[in-house]
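**Student:** Before I ask anything, here is the structure I am working with.
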Amino acid sequence: MRILLSFFFSVAILLVFLYPSNYALSYQNGSPGGKTGSPADVQACNQCHSGTVNTGMGQVLITTNIPSAGYSPGEIYEVTISINDPGFLKFGFELTAEDSFSNKIGSFLITNSSETKSINNSVTHKVSGTSGVGQKTWNVGWTISSVGVGDITFYASCLSANAN
């Protein structure tokens, strides 16, 4: 099966200029889960963080080493999430994978446990993985154990913030 490499960015960048302190402190250690903006999750980062979606100059890039011919069950693939937004110091994300029926599919493997963690069939940042100077990158592993699953789409909600 072929993976959809045209990743859907439910929320490409959420610029947060003024965090209400109760939100900023509540979720700086990662998403509570279900906030990727995918068909199954519906909600995105702006459910917890203030700011206006997709209004800034930031860019999100999600890459993977899954071959163009498709994934193979049992193989572990690297997925990289990068946010580039000059002038910002804090970054966050939640990433999930779904099949064409909006079922969470595959497993995320934490390759840097000091910066990322698993939550509800997704992966998100930890507080120690939010700092950067104009950019931030996270790497995670992803694998699938089934044959015949079909196309898979990765969904991500990402944000950059001013560290207030």
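**Student:** Among the residues of the stretch 100-132, how many are modelled with pLDDT of 90 or more and part of a strand (DSSP E or B)?
**Tutor:** 12
**Student:** OK, next. Please determine, by comparing only the residues of the stretch 143-159 that are hydrophobic (A, V, I, L, M, F, W, C) and part of a strand (DSSP E or B), which one is farthest from Leu89 (Cα to Cα).
**Tutor:** So, considering only residues that are hydrophobic (A, V, I, L, M, F, W, C) and part of a strand (DSSP E or B), the one farthest from Leu89 (Cα to Cα) is Ile152.
**Student:** Filter the stretch 47-84 down to the residues that are at pLDDT 90 or above, open to solvent by less than 20 Å² (accessible area, probe 1.4 Å) and within 18 Å of Gly37 (Cβ to Cβ) and list them by number.
**Tutor:** Ile62, Val79, Ile81, Ile83
**Student:** Taking Val147, is it touching a Pro at 6+ places or on another chain (Cβ under 9 Å) and either open to solvent by 10 Å² or more (accessible area, probe 1.4 Å) or of a type outside the set (S, T, N, Q) (or both)?
**Tutor:** Criteria met by Val147.
The values are calculated or read from the model by the stated rules, or taken from the named source; none is laboratory data. Predicted, not measured: the structure shown is a model, and the values here were computed from it. Counting neighbours? That spans all protein chains shown, and the Cβs are built from the backbone with ideal geometry, glycine included. For the accessible areas, the whole protein counts, side chains as well, though only heavy atoms, and no ligand, DNA or RNA atoms are used. Shrake-Rupley method; radii C 1.70, N 1.55, O 1.52, S 1.80 Å.
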